[in-house]
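Written below as structure tokens is the structure these notes are about.
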Amino acid sequence: MKVVEEWLIEAARDYNLDSLANRDSYAAVLLMPIETMETILDWTFSSLPDEILVGMDPNPAKSNPGETIEAYSGSAKKDNLFAGQGFVLGQPHFVNRGNSEEVHHVPEEWVDGIFAQERGVRGGRFTHWLHTHPNAPAIPSEADANAAQWTEGIDMILGIHFFNKRHSSWLKKFGINDQTKLNPIGRTKTGHSILGLEMIGFHRTGFGVNLVITDENGIAIV
């Protein structure tokens, strides 16, 4: 099992506390292993300043643990809302890299056969999609909402707020000469200080989906 950075474990605990407190705001629950989150973060910071698009399928070998779903489901719960609702997320796949403002799904005909060993001839078609918003909030744009209409599962946005040395001159204009005063929650392999993470999930009908970060078996990080 991959060893996960301690700062990310702490961030996952805080995130899940918020997910628990706001469970009545969501129509369904989706479980993301923390190793998946770490992989996506590594890809994100290796691709800066661009956004990235990640495709995922449910893991058919791992049904959602009943205790996790019960704990994070609220009064607005809807069964059978999306494809793969009963399973923990499977392995992430790096699908595309956009510019600093947007990233698009790769047209199906471009990727037929690329993932043939793993996914068959329709390798570009994943159940769930996630894209990143570097140094921007996890708020869906009109283009995001339109793209979600083709998603069988759910769409996710990961907003990452970070700092690196290139930001120093900009921060000095505001009287901040020491980046430690920004209270980073962690540091990446690429040398970026992470100031905050936010992640949302939504169904094409507009319902919010409660994302919970778990261990490899779908047990929430607490």
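Mind ordering 24-30, 151-157, 136-142, 80-86 by average Cβ neighbours within 10 Å, highest first? Provide the component values of the computation, followed by the final result.
Values: 24-30: 20.1, 151-157: 22.0, 136-142: 13.0, 80-86: 16.4.
Order by mean packing, descending: 151-157, 24-30, 80-86, 136-142.
Take residue 14 and residue 198, extend 7 Å from each Cα along the Cα→Cβ direction, and tell me the distance between the two endpoints in nm.
Going from the residue 14 label point to the residue 198 one covers 1.3 nm.
For the pair residue 97 and residue 142, what calculated FRET efficiency results from E = 1/(1 + (r/R0)^6), where r is the Cβ-Cβ distance and R0 = 22 Å, to the nearest 0.05?
Working: r = 21 Å, r/R0 = 0.97.
The formula returns an efficiency of 0.55 here.
If I model a spin label at residue 39 and residue 25 as a point 7 Å from the Cα along the Cα→Cβ vector, what separation in nanometres do I get?
Each label point lies 7 Å from its Cα, and together they span 2.9 nm.
Determine, from the Cβ-Cβ distance of residue 183 and residue 205 and an R0 of 45 Å, the FRET efficiency 1/(1 + (r/R0)^6), rounded to the nearest 0.05. Each step should come with its number before you reach the end.
Values: r = 38 Å, r/R0 = 0.83.
Plugging the Cβ-Cβ distance into 1/(1 + (r/R0)^6) gives 0.75.
Compare the Cα positions of 48, 64, 19 along the charge dipole of the range 10-67 (+1 at Cβ of Lys, Arg; -1 at Cβ of Asp, Glu; about the Cα centre) and return the one farthest towards the positive end.
With unit charges placed on the Cβ atoms, the residue in question is 64.
If r is the Cβ-Cβ distance from residue 150 to residue 80 and R0 is 25 Å, what FRET efficiency results, to the nearest 0.05? Kindly include the intermediate steps, with their values, before the conclusion.
Values: r = 19 Å, r/R0 = 0.76.
Using R0 = 25 Å, I get an efficiency of 0.85.
Could you work out how much longer the chain between residue 7 and residue 70 gets when fully extended? Use 0.36 nm per residue separation minus the Cα distance between them, nm to one decimal.
Working: separation 63, 0.36 × 63 = 22.68 nm, distance 2.69 nm.
Taking residue 7 through residue 70 to full extension adds about 20.0 nm, to one decimal.
Mind checking the dipole of the range 1-80: about its Cα centre, +1 per Lys or Arg Cβ, -1 per Asp or Glu Cβ, Debye to the nearest 20? Walk me through the numbers on the way to the answer.
Working: 6 positive and 15 negative charges, 76 e Å.
Magnitude of the dipole: close to 360 debye.
Using Cβ contacts closer than 10 Å as the measure, can you line up 187, 204 from fewest to most? Working shown, then result.
On the way: 187 14, 204 18.
Fewest-to-most ranking of 187, 204: 187, 204.
Read the figures in this text as sums done on the coordinates, not as results from a lab. Keep in mind it's a predicted model, so treat the numbers as computed, not measured. Backbone-built Cβ (ideal geometry, glycine too); neighbour counts: all protein chains shown.
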